[in-house]
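**Q** Take this structure first; my questions come after.
The values are calculated or read from the model by the stated rules, or taken from the named source; none is laboratory data. Predicted, not measured: the structure shown is a model, and the values here were computed from it. FYI the Cβ positions are ideal-geometry reconstructions off the backbone, even for glycines, and counts take in every protein chain you see. For the accessible areas, the whole protein counts, side chains as well, though only heavy atoms, and no ligand, DNA or RNA atoms are used. Shrake-Rupley method; radii C 1.70, N 1.55, O 1.52, S 1.80 Å.
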Amino acid sequence: MIENLSTGAFGAGIGRLLPVELAALEKAKTPLRLFLTLSMQRSGQHLIIRWLCRSLGEAIHFNFCHFRRRGLAMALTPRTGRRVVYQGDAIDDSGIQTAADLYPSLPAGRFAALLYSLEDHDPADPLLRRIIHRYRHCLRVLVVLRDPYNWLASTMQLQDEPADTTRRRLERCKRYLTNALHEDWPLSCPVTVVKYDRFVLDPAYRRQLARELEVPMRPAAEAALQEVPAFGGGSSFSGTAPGADLRNAVFERWRHFVDDPHYLAIAQDRELAALDSALFPDVPSAAARRAALGVRADSDAA
């Protein structure tokens, strides 16, 4: 969904006046670390989340969150009730469950870290700004970005949606990229931007990220990079099946749409091309992709 999940009739009205909270924070008895990730769907954020949670050693990931009324508060809660508990080498994935089942499914006692992931969410959402402000003393915000041409191909491969919906999704993607380029996020907090391409390809980049987030580089976290997380059905092209050439394949998704007129019409957006050129100059096959798609960047667009 590209629309804010918090902007229904209630969310747009009295819900804006209620206090905000993080689901399950009370039961976790104040964790040592809090993380919040923002990303467009199909941007590879679940691979990065699994790497981070395995690096932490002990964490609970609340997936695909939105703001839902809980009592007299608006709680950031997984939309499908899905949470994944990481404890050492063990991973307990609840799968989709009801909101009523979420809290009983959580382990007792304090956990070292909680992570809340949001997808296609407007970073200017007032509820999001408020939740970040409330927990700013212990919260780290990560934004995961993927080069827009492979992101678009993966999105179109998975989503069966009208062209105007894809266009609206594209506009939000461009907003994410513009915020990243100008380091101008409407969140009133420091943001760590993670580029999916560099994360997948460059161990030095992952070491730098681990240092910035103050987490160790555990062997189990690096091993997780060979896995395909099952969220959203896994890869748009290959599902959850691992492949020896998966790391290279994710940079070639655009090739599946070189003859698709809808894809080409979007790909030739000059603002998008400028953002791509500025933020992802070294993505594999970038030069071949620009030539094949007839992409020309407007240097003033970004």
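**Q** Tell me the residue from A100, A163, A153 that is of a type in the set (A, V, I, L, M), at pLDDT below 90 and closer than 30 Å to V258 by Cβ, please.
**A** Every option except A163 fails the conditions.
**Q** Look at region 106-124 and say how many of its residues are surrounded by fewer than 14 Cβ atoms within 10 Å (Cβ to Cβ) and either under 24 Å from A180 (Cα atoms) or of a type in the set (D, E) (or both).
**A** 1
**Q** Then there's this: Only residues that are farther than 14 Å from W51 by Cβ and either modelled with pLDDT of 85 or more or in contact with a Lys or Arg (Cβ under 9 Å, 6 or more places away or on another chain) (or both): list them for region 212-230, please.
**A** Within region 212-230, just E214 meets the criteria.
**Q** Going by the structure shown, is Y103 open to solvent by less than 50 Å² (accessible area, probe 1.4 Å) and either within 21 Å of R33 (Cβ to Cβ) or over 21 Å from the mean Cα position of the chain (by Cα) (or both)?
**A** yes
**Q** Hey, could you check region 40-92 for residues that are assigned to a strand (DSSP E or B), open to solvent by 40 Å² or more (accessible area, probe 1.4 Å) and hydrophobic (A, V, I, L, M, F, W, C) and say which is nearest to L170 (Cα to Cα)?
**A** Once the filter is applied, the top-ranked residue is I91.
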